[in-house]
Amino acid sequence: DLSAETPPVNWTVLEGDPERTYRAMNLGDLKQIAKLSGGRFYRPWETAALPGHLPTGSSLQLQRQVMVSLWNRWELLVLLTVLLCVDWYYRR
């Protein structure tokens, strides 16, 4: 029956910022994630031991590339001008 009255509903709206709410860390989940991923779990006061547990890396040879902008070079302007003049000379 559509004519029946619906009971009133009361809503309470609270102001809050869920990102600023303190939430304790889930120690069990963090340890399980570290174990499953092959990593280790460190507490903040244990991070000094972290560098000793990192694997040693191998050296990597890096090459430096030098970018030369062709449009800012006078040699290219001279070359294009000479080519256009030669083309014009042979076409006339």
(request) Residues being closer than 30 Å to Gly28 by Cα, among the basic types (Lys, Arg) and exposed (fewer than 10 other Cβ atoms within 10 Å of the Cβ): count how many of those fall in segment 38-89. (result) 1
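Condition check ((1) in contact with a Phe, Trp or Tyr (Cβ under 9 Å, 6 or more places away or on another chain); (2) β-branched (Val, Ile, Thr); (3) modelled with pLDDT of 90 or more; (4) assigned to a loop (DSSP other than H, G, I, E, B)) across all residues:
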{"position": "Phe41", "(1), (2), (3), (4)": "no, no, yes, yes"}
{"position": "Gly57", "(1), (2), (3), (4)": "no, no, no, yes"}
{"position": "Leu60", "(1), (2), (3), (4)": "no, no, no, yes"}
{"position": "Met67", "(1), (2), (3), (4)": "no, no, no, yes"}
{"position": "Trp71", "(1), (2), (3), (4)": "no, no, no, no"}
{"position": "Val78", "(1), (2), (3), (4)": "no, yes, yes, no"}
{"position": "Cys85", "(1), (2), (3), (4)": "no, no, yes, no"}
{"position": "Trp88", "(1), (2), (3), (4)": "no, no, yes, no"}
(request) Scan segment 18-32 for residues that are at pLDDT below 85 and in a loop (DSSP other than H, G, I, E, B) and jot them down. (result) Thr21, Tyr22, Arg23, Ala24
(request) May I ask you to verify whether Ala48 is aliphatic (A, V, I, L, M) and at pLDDT 90 or above? (result) yes
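The values are calculated or read from the model by the stated rules, or taken from the named source; none is laboratory data. What you are looking at is a predicted structure, and each value in this text was computed from that prediction instead of being measured. We place every Cβ from the backbone using ideal geometry, glycine too, and count neighbours over all the protein chains shown.
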